[in-house]
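The values are calculated or read from the model by the stated rules, or taken from the named source; none is laboratory data. Here the structure is a predicted model, which is why all the values come from computation and not from measurement. Cβ sites come from the backbone with ideal geometry, for glycine too, and all protein chains shown count toward neighbours.
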Amino acid sequence: MNPLLKIPPLSADHLTHPTQLAKKLEVLVGTKFPLTGKTRTDGSNLRKLVASVLEKSELPPAATDYFVASSKGVPKILREFVDTYLITTGDTYNLQVWNRIPSSESIQVDFSEETPLRAKDVRFVLIRVDPSSHIIKAVLILTPDYIEQHFGQFGKPTVKHQLIISPDSRRKIISSESRVLFHNDIAYVGQNWISDLAEYSFRETPHFDTIIPLKQILTLVQAQLIGTRLEDAPTKTRGQLLEERVARMLGYNPSDDELLFGGFPDIPHQALEVKTQDSPTVDLGKFTPQIEETVPACPGFTTLTIRYLIALTDPDTQIIEGAILCPGSVLGRHFSYVSDESFKCQRTIPMSFFDKFEGMSVFNPELT
(Lines give C-alpha, C1' and ligand atoms only; values in the text may rest on other atoms or scores of the structure.)
Protein backbone atom coordinates (compact mmCIF):
# COMPACT_ATOMS: atom_id res chain seq x y z
CA MET A 1 0.00 0.00 0.00
CA ASN A 2 1.18 3.49 -0.85
CA PRO A 3 2.91 4.92 2.27
CA LEU A 4 1.14 8.25 1.64
CA LEU A 5 -2.14 6.58 2.62
CA LYS A 6 -0.73 5.88 6.08
CA ILE A 7 -0.41 9.61 6.76
CA PRO A 8 -3.61 11.22 8.13
CA PRO A 9 -5.30 14.11 6.34
CA LEU A 10 -4.74 17.71 7.42
CA SER A 11 -7.88 17.48 9.55
CA ALA A 12 -11.30 15.81 9.73
CA ASP A 13 -12.65 18.70 7.66
CA HIS A 14 -10.36 17.77 4.75
CA LEU A 15 -11.61 14.20 4.29
CA THR A 16 -13.22 13.36 0.95
CA HIS A 17 -17.00 13.32 1.38
CA PRO A 18 -18.24 9.71 1.60
CA THR A 19 -20.61 10.16 -1.36
CA GLN A 20 -17.55 10.99 -3.45
CA LEU A 21 -15.74 7.98 -2.01
CA ALA A 22 -18.63 5.78 -3.09
CA LYS A 23 -18.38 7.27 -6.58
CA LYS A 24 -14.64 6.58 -6.74
CA LEU A 25 -15.06 2.96 -5.60
CA GLU A 26 -17.85 2.32 -8.08
CA VAL A 27 -15.21 1.04 -10.53
CA LEU A 28 -14.81 -2.06 -8.33
CA VAL A 29 -18.39 -3.26 -8.81
CA GLY A 30 -18.43 -6.11 -11.32
CA THR A 31 -14.68 -6.69 -11.19
CA LYS A 32 -13.01 -9.92 -10.11
CA PHE A 33 -11.53 -10.33 -6.64
CA PRO A 34 -9.81 -13.73 -6.27
CA LEU A 35 -10.58 -15.24 -2.87
CA THR A 36 -7.88 -17.41 -1.27
CA GLY A 37 -10.02 -18.61 1.62
CA LYS A 38 -7.45 -17.25 4.07
CA THR A 39 -9.08 -14.51 6.14
CA ARG A 40 -5.98 -12.39 6.77
CA THR A 41 -4.72 -12.67 3.18
CA ASP A 42 -8.10 -11.81 1.65
CA GLY A 43 -8.54 -8.91 4.06
CA SER A 44 -5.12 -7.52 3.25
CA ASN A 45 -5.65 -7.91 -0.50
CA LEU A 46 -9.00 -6.12 -0.28
CA ARG A 47 -7.46 -3.21 1.61
CA LYS A 48 -4.70 -2.94 -1.01
CA LEU A 49 -7.30 -2.99 -3.79
CA VAL A 50 -9.29 -0.14 -2.23
CA ALA A 51 -6.06 1.78 -1.60
CA SER A 52 -5.00 1.37 -5.24
CA VAL A 53 -8.27 2.97 -6.39
CA LEU A 54 -8.08 5.86 -3.92
CA GLU A 55 -4.49 6.76 -4.76
CA LYS A 56 -5.37 7.22 -8.44
CA SER A 57 -7.42 10.31 -7.60
CA GLU A 58 -6.68 13.44 -5.60
CA LEU A 59 -6.05 12.68 -1.94
CA PRO A 60 -6.80 15.03 0.97
CA PRO A 61 -3.84 17.24 1.92
CA ALA A 62 -1.47 15.45 4.30
CA ALA A 63 -1.02 16.38 7.94
CA THR A 64 2.42 17.41 9.15
CA ASP A 65 1.87 17.89 12.88
CA TYR A 66 -0.27 15.16 14.40
CA PHE A 67 -0.53 12.63 17.23
CA VAL A 68 -1.95 9.12 16.71
CA ALA A 69 -3.58 7.75 19.86
CA SER A 70 -2.82 4.08 19.24
CA SER A 71 -1.56 2.06 16.31
CA LYS A 72 -3.98 -0.72 17.28
CA GLY A 73 -7.26 1.15 16.96
CA VAL A 74 -6.94 3.54 14.03
CA PRO A 75 -7.95 2.68 10.45
CA LYS A 76 -5.32 1.19 8.14
CA ILE A 77 -6.04 3.73 5.39
CA LEU A 78 -5.51 6.82 7.49
CA ARG A 79 -5.52 9.36 4.67
CA GLU A 80 -9.22 8.78 4.01
CA PHE A 81 -9.92 7.38 7.50
CA VAL A 82 -11.49 4.17 6.19
CA ASP A 83 -11.53 0.55 7.29
CA THR A 84 -12.29 -2.18 4.74
CA TYR A 85 -14.37 -5.31 5.31
CA LEU A 86 -14.94 -8.35 3.10
CA ILE A 87 -18.41 -9.92 2.98
CA THR A 88 -18.96 -13.32 1.36
CA THR A 89 -21.39 -15.98 2.64
CA GLY A 90 -23.94 -16.64 5.36
CA ASP A 91 -27.30 -15.32 6.51
CA THR A 92 -25.68 -12.57 8.56
CA TYR A 93 -22.41 -10.67 8.58
CA ASN A 94 -20.64 -10.13 11.90
CA LEU A 95 -18.90 -6.75 11.67
CA GLN A 96 -15.94 -6.71 14.06
CA VAL A 97 -14.21 -3.47 15.05
CA TRP A 98 -10.96 -3.87 16.93
CA ASN A 99 -9.61 -1.66 19.73
CA ARG A 100 -12.05 1.25 19.61
CA ILE A 101 -15.69 1.94 20.48
CA PRO A 102 -16.99 2.71 16.96
CA SER A 103 -19.56 5.43 17.70
CA SER A 104 -17.63 7.19 20.46
CA GLU A 105 -16.15 10.71 20.55
CA SER A 106 -12.72 9.30 21.37
CA ILE A 107 -9.97 11.14 19.49
CA GLN A 108 -7.98 8.78 17.26
CA VAL A 109 -5.75 11.36 15.55
CA ASP A 110 -5.14 14.74 17.15
CA PHE A 111 -3.77 17.85 15.46
CA SER A 112 -2.24 20.98 16.95
CA GLU A 113 -4.78 23.38 15.51
CA GLU A 114 -7.13 21.42 13.22
CA THR A 115 -10.30 19.41 13.85
CA PRO A 116 -9.35 15.97 15.29
CA LEU A 117 -10.39 12.63 13.85
CA ARG A 118 -12.64 10.68 16.21
CA ALA A 119 -13.74 7.04 16.35
CA LYS A 120 -17.18 8.03 15.06
CA ASP A 121 -15.58 9.61 11.95
CA VAL A 122 -14.27 6.29 10.58
CA ARG A 123 -15.92 5.28 7.32
CA PHE A 124 -16.60 1.53 6.97
CA VAL A 125 -16.07 0.28 3.41
CA LEU A 126 -17.95 -3.04 3.20
CA ILE A 127 -17.44 -4.96 -0.04
CA ARG A 128 -19.70 -7.85 -1.00
CA VAL A 129 -17.96 -10.57 -3.05
CA ASP A 130 -19.75 -13.56 -4.58
CA PRO A 131 -17.75 -16.59 -3.35
CA SER A 132 -18.59 -18.72 -6.38
CA SER A 133 -17.78 -16.23 -9.13
CA HIS A 134 -15.29 -14.10 -7.13
CA ILE A 135 -17.06 -11.00 -8.51
CA ILE A 136 -17.54 -7.84 -6.43
CA LYS A 137 -21.31 -7.40 -6.19
CA ALA A 138 -21.62 -4.22 -4.12
CA VAL A 139 -19.70 -1.54 -2.26
CA LEU A 140 -21.28 0.09 0.79
CA ILE A 141 -19.78 2.94 2.80
CA LEU A 142 -21.40 3.14 6.21
CA THR A 143 -20.83 5.29 9.28
CA PRO A 144 -20.97 3.97 12.87
CA ASP A 145 -24.08 6.06 13.57
CA TYR A 146 -25.87 4.60 10.54
CA ILE A 147 -25.02 1.04 11.60
CA GLU A 148 -26.28 1.57 15.15
CA GLN A 149 -29.40 3.37 13.95
CA HIS A 150 -30.42 0.52 11.63
CA PHE A 151 -28.98 -2.58 13.26
CA GLY A 152 -28.49 -1.75 16.94
CA GLN A 153 -25.55 -0.80 19.13
CA PHE A 154 -22.18 -2.47 18.90
CA GLY A 155 -21.47 -4.97 21.67
CA LYS A 156 -19.54 -3.42 24.54
CA PRO A 157 -16.54 -5.41 25.74
CA THR A 158 -15.32 -5.53 29.34
CA VAL A 159 -11.71 -4.38 29.24
CA LYS A 160 -9.36 -2.14 31.16
CA HIS A 161 -9.61 1.28 29.55
CA GLN A 162 -7.05 4.04 29.27
CA LEU A 163 -7.11 7.73 28.41
CA ILE A 164 -4.36 9.25 26.28
CA ILE A 165 -3.50 12.91 26.91
CA SER A 166 -1.16 14.01 24.14
CA PRO A 167 1.89 16.15 25.02
CA ASP A 168 0.44 19.01 22.97
CA SER A 169 -2.90 18.88 24.83
CA ARG A 170 -1.07 18.84 28.14
CA ARG A 171 1.08 21.85 27.18
CA LYS A 172 -2.00 23.84 26.20
CA ILE A 173 -3.61 23.22 29.58
CA ILE A 174 -0.63 24.04 31.80
CA SER A 175 0.24 27.12 29.73
CA SER A 176 -3.30 28.51 29.88
CA GLU A 177 -4.17 31.32 32.27
CA SER A 178 -6.28 29.11 34.54
CA ARG A 179 -4.02 26.03 34.14
CA VAL A 180 -7.20 23.95 34.29
CA LEU A 181 -9.26 22.39 31.51
CA PHE A 182 -12.70 22.96 33.03
CA HIS A 183 -16.26 22.03 32.09
CA ASN A 184 -19.17 22.48 34.47
CA ASP A 185 -21.52 19.78 35.76
CA ILE A 186 -24.05 18.31 33.37
CA ALA A 187 -25.99 16.55 36.15
CA TYR A 188 -28.00 18.36 38.80
CA VAL A 189 -26.01 19.02 41.95
CA GLY A 190 -27.09 20.89 45.04
CA GLN A 191 -27.01 24.66 44.86
CA ASN A 192 -26.93 25.01 48.66
CA TRP A 193 -24.61 22.18 49.52
CA ILE A 194 -23.43 21.38 53.03
CA SER A 195 -20.03 23.03 53.37
CA ASP A 196 -18.88 21.20 56.52
CA LEU A 197 -18.13 17.62 55.46
CA ALA A 198 -15.88 16.67 58.40
CA GLU A 199 -18.53 14.39 59.90
CA TYR A 200 -19.13 12.54 56.63
CA SER A 201 -17.16 9.69 55.07
CA PHE A 202 -16.09 10.35 51.52
CA ARG A 203 -16.98 6.69 50.84
CA GLU A 204 -20.66 7.33 51.55
CA THR A 205 -23.37 7.25 48.91
CA PRO A 206 -23.73 10.78 47.48
CA HIS A 207 -26.65 13.06 48.25
CA PHE A 208 -27.39 16.06 46.08
CA ASP A 209 -27.33 18.42 49.07
CA THR A 210 -23.76 17.38 49.91
CA ILE A 211 -22.24 17.39 46.41
CA ILE A 212 -20.01 20.39 45.80
CA PRO A 213 -20.50 21.88 42.29
CA LEU A 214 -17.49 21.59 39.99
CA LYS A 215 -17.32 25.37 39.74
CA GLN A 216 -16.60 25.55 43.48
CA ILE A 217 -14.13 22.65 43.31
CA LEU A 218 -12.31 24.57 40.55
CA THR A 219 -11.61 27.39 43.00
CA LEU A 220 -10.21 24.91 45.52
CA VAL A 221 -8.04 23.19 42.91
CA GLN A 222 -6.52 26.46 41.75
CA ALA A 223 -5.88 27.68 45.31
CA GLN A 224 -4.79 24.47 47.08
CA LEU A 225 -3.66 21.91 44.50
CA ILE A 226 -1.92 23.46 41.51
CA GLY A 227 1.71 24.28 42.24
CA THR A 228 1.95 21.82 45.14
CA ARG A 229 4.08 18.71 45.13
CA LEU A 230 3.12 15.06 45.55
CA GLU A 231 5.52 12.82 47.44
CA ASP A 232 7.78 10.76 45.18
CA ALA A 233 6.28 7.28 45.26
CA PRO A 234 5.11 4.46 42.94
CA THR A 235 2.18 5.35 40.69
CA LYS A 236 -0.47 3.55 42.77
CA THR A 237 0.76 5.14 45.98
CA ARG A 238 0.84 8.60 44.40
CA GLY A 239 -2.75 8.06 43.36
CA GLN A 240 -3.70 7.33 46.98
CA LEU A 241 -1.75 10.37 48.17
CA LEU A 242 -3.59 12.58 45.71
CA GLU A 243 -6.92 11.02 46.70
CA GLU A 244 -6.23 11.84 50.36
CA ARG A 245 -5.15 15.39 49.54
CA VAL A 246 -8.27 16.02 47.47
CA ALA A 247 -10.51 14.52 50.17
CA ARG A 248 -9.01 16.84 52.79
CA MET A 249 -9.23 19.78 50.37
CA LEU A 250 -12.98 19.13 50.08
CA GLY A 251 -13.41 19.03 53.87
CA TYR A 252 -13.25 15.32 54.81
CA ASN A 253 -11.08 13.67 57.46
CA PRO A 254 -10.23 10.38 55.69
CA SER A 255 -9.03 7.38 57.67
CA ASP A 256 -6.40 4.91 56.47
CA ASP A 257 -9.08 2.23 56.02
CA GLU A 258 -11.10 4.51 53.74
CA LEU A 259 -8.05 5.28 51.59
CA LEU A 260 -7.22 1.59 51.13
CA PHE A 261 -10.76 0.63 50.15
CA GLY A 262 -10.54 1.48 46.44
CA GLY A 263 -13.49 1.35 44.03
CA PHE A 264 -15.07 3.65 41.48
CA PRO A 265 -15.26 6.55 41.82
CA ASP A 266 -12.48 7.34 44.30
CA ILE A 267 -14.64 9.80 46.25
CA PRO A 268 -18.22 8.46 45.92
CA HIS A 269 -19.72 11.08 48.26
CA GLN A 270 -18.75 13.69 45.64
CA ALA A 271 -19.21 11.45 42.57
CA LEU A 272 -15.57 12.31 41.88
CA GLU A 273 -12.84 10.17 40.30
CA VAL A 274 -9.28 11.35 41.01
CA LYS A 275 -6.29 10.59 38.77
CA THR A 276 -2.68 11.64 38.30
CA GLN A 277 -1.04 12.06 34.90
CA ASP A 278 2.72 12.24 34.40
CA SER A 279 2.85 10.24 31.14
CA PRO A 280 0.47 10.25 28.15
CA THR A 281 -1.49 7.26 29.52
CA VAL A 282 -4.04 7.51 32.34
CA ASP A 283 -5.49 4.18 33.55
CA LEU A 284 -9.28 4.37 33.87
CA GLY A 285 -9.98 0.78 34.90
CA LYS A 286 -13.16 -1.00 33.81
CA PHE A 287 -15.34 2.12 33.83
CA THR A 288 -15.00 4.51 30.92
CA PRO A 289 -17.02 7.58 29.90
CA GLN A 290 -16.99 6.17 26.35
CA ILE A 291 -19.81 3.88 27.43
CA GLU A 292 -22.77 5.10 29.47
CA GLU A 293 -23.33 2.80 32.43
CA THR A 294 -24.89 3.24 35.84
CA VAL A 295 -22.39 3.56 38.68
CA PRO A 296 -23.35 1.30 41.64
CA ALA A 297 -21.56 3.47 44.20
CA CYS A 298 -23.35 6.63 43.01
CA PRO A 299 -27.09 6.15 42.45
CA GLY A 300 -28.41 8.71 39.99
CA PHE A 301 -25.04 9.06 38.27
CA THR A 302 -23.68 7.37 35.16
CA THR A 303 -20.18 7.16 33.72
CA LEU A 304 -21.06 10.28 31.71
CA THR A 305 -21.98 12.42 34.73
CA ILE A 306 -19.33 11.18 37.18
CA ARG A 307 -16.86 14.06 37.67
CA TYR A 308 -13.14 13.66 36.92
CA LEU A 309 -10.22 15.47 38.51
CA ILE A 310 -6.94 14.64 36.76
CA ALA A 311 -3.81 16.25 38.19
CA LEU A 312 -1.10 16.90 35.58
CA THR A 313 2.09 16.22 37.49
CA ASP A 314 5.67 16.77 36.35
CA PRO A 315 7.31 13.29 36.15
CA ASP A 316 10.59 14.59 37.58
CA THR A 317 9.53 17.03 40.30
CA GLN A 318 6.02 15.62 41.06
CA ILE A 319 4.72 19.20 41.10
CA ILE A 320 1.10 19.49 39.98
CA GLU A 321 1.40 21.83 36.98
CA GLY A 322 -2.25 21.84 35.90
CA ALA A 323 -5.48 19.90 36.08
CA ILE A 324 -8.50 18.61 34.21
CA LEU A 325 -11.85 19.03 35.98
CA CYS A 326 -14.99 17.98 34.13
CA PRO A 327 -17.80 15.45 33.79
CA GLY A 328 -16.80 12.17 32.14
CA SER A 329 -18.83 12.90 29.01
CA VAL A 330 -16.46 15.73 28.10
CA LEU A 331 -13.17 13.81 28.21
CA GLY A 332 -13.58 12.26 24.76
CA ARG A 333 -13.92 15.69 23.15
CA HIS A 334 -10.36 16.54 24.16
CA PHE A 335 -8.51 13.24 24.50
CA SER A 336 -8.28 9.67 23.16
CA TYR A 337 -9.48 6.39 24.62
CA VAL A 338 -7.55 3.16 24.14
CA SER A 339 -7.32 -0.21 25.85
CA ASP A 340 -4.29 -1.92 27.35
CA GLU A 341 -5.28 -5.14 25.59
CA SER A 342 -6.85 -5.98 22.25
CA PHE A 343 -10.63 -6.12 22.21
CA LYS A 344 -13.40 -6.06 19.65
CA CYS A 345 -16.86 -4.57 19.33
CA GLN A 346 -19.28 -6.55 17.18
CA ARG A 347 -22.50 -5.86 15.31
CA THR A 348 -24.49 -8.40 13.29
CA ILE A 349 -25.93 -7.19 9.96
CA PRO A 350 -28.37 -9.32 7.90
CA MET A 351 -26.92 -10.45 4.57
CA SER A 352 -30.23 -9.43 2.96
CA PHE A 353 -29.24 -5.81 3.58
CA PHE A 354 -26.22 -6.13 1.28
CA ASP A 355 -28.24 -7.99 -1.34
CA LYS A 356 -30.52 -4.96 -1.72
CA PHE A 357 -27.67 -2.95 -3.22
CA GLU A 358 -26.23 -5.44 -5.68
CA GLY A 359 -24.56 -3.67 -8.59
CA MET A 360 -24.21 -0.42 -6.63
CA SER A 361 -21.66 1.62 -4.71
CA VAL A 362 -23.52 3.69 -2.09
CA PHE A 363 -23.10 5.72 1.10
CA ASN A 364 -25.50 5.26 4.03
CA PRO A 365 -28.35 4.18 1.73
CA GLU A 366 -31.96 4.85 2.64
CA LEU A 367 -33.96 1.78 3.58
CA THR A 368 -37.54 1.45 2.43
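Couple of notes before you dig in:
- For Ile319: the one exception among (1) among the β-branched types (Val, Ile, Thr); (2) within 30 Å of Tyr93 (Cα to Cα); (3) over 19 Å from the mean Cα position of the chain (by Cα): (2)
- Meets criteria (within 20 Å of Asp185 (Cβ to Cβ), surrounded by fewer than 18 Cβ atoms within 10 Å (Cβ to Cβ) and of a type in the set (A, V, I, L, M, F, W, C)) for Phe357: no
- Flag for Val139 being closer than 22 Å to Val27 by Cβ, in the same structural domain as Val74 (by TED's automatic domain parsing) and crowded, with 23+ Cβ neighbours inside 10 Å: yes
- Set Pro131, Pro116, Pro167: member being over 27 Å from Leu25 (Cα atoms), out of contact with any Lys or Arg (no Cβ under 8 Å at 6 or more places or on another chain) and not aromatic (Phe, Trp, Tyr): Pro167
- Single unsatisfied condition, Gln318 versus (1) at pLDDT 90 or above; (2) within 18 Å of Arg229 (Cα to Cα): (1)
- Neighbours by Cβ (under 6 Å, 6+ apart or cross-chain): first from the stretch 6-29, outside the structural domain of Glu114 (by TED's automatic domain parsing); second of a type in the set (Val, Ile, Thr): none
- Candidate set: the stretch 303-317, residues that are polar (S, T, N, Q) and surrounded by 18 or more Cβ atoms within 10 Å (Cβ to Cβ); chosen: the one nearest to Asn99 (Cα to Cα): Thr303
- Verdict on Glu80 being crowded, with 18+ Cβ neighbours inside 10 Å, within 26 Å of Val129 (Cα to Cα) and of a type in the set (Asp, Glu): yes
- Residue count, the stretch 177-226 (criterion: in a loop (DSSP other than H, G, I, E, B), in contact with a helix residue (DSSP H, G or I) (Cβ under 8 Å, 6 or more places away or on another chain), hydrophobic (A, V, I, L, M, F, W, C) and modelled with pLDDT of 95 or more): 1
- Subset of the stretch 27-43 (residues that are in a helix (DSSP H, G or I) and exposed (fewer than 15 other Cβ atoms within 10 Å of the Cβ)): Val27, Thr39, Arg40, Thr41, Gly43
- Scanning the stretch 242-285 for residues that are buried (at least 22 other Cβ atoms within 10 Å of the Cβ), part of a strand (DSSP E or B) and of a type in the set (A, V, I, L, M) yields Ile267, Leu272, Leu284.
- Checked against (1) within 23 Å of the chain's Cα centre (by Cα); (2) without any contact (Cβ under 8 Å) to a residue 40 or more places away in the chain, Thr288 meets all criteria but (2).
- Tally of residues being assigned to a loop (DSSP other than H, G, I, E, B) and either under 11 Å from Pro75 (Cα atoms) or not assigned by TED's automatic domain parsing to the domain that holds Gly359 (or both) across the stretch 122-135: 1
- Among the numbered conditions (1) outside any strand (DSSP E or B); (2) touching a Phe, Trp or Tyr at 6+ places or on another chain (Cβ under 7 Å); (3) of a type in the set (D, E, K, R), the only one that Lys172 does not meet is (2).
- Complete set of residues in the stretch 83-121 that are surrounded by fewer than 16 Cβ atoms within 10 Å (Cβ to Cβ) and charged (D, E, K, R): Asp91, Glu113
- Meets criteria (buried (at least 18 other Cβ atoms within 10 Å of the Cβ), within 22 Å of Pro144 (Cα to Cα) and at pLDDT below 90) for Ser71: no
- Filter result for Val282 (of a type in the set (A, V, I, L, M) and free of Cβ contacts under 8 Å to residues at least 60 places away in the same chain): no
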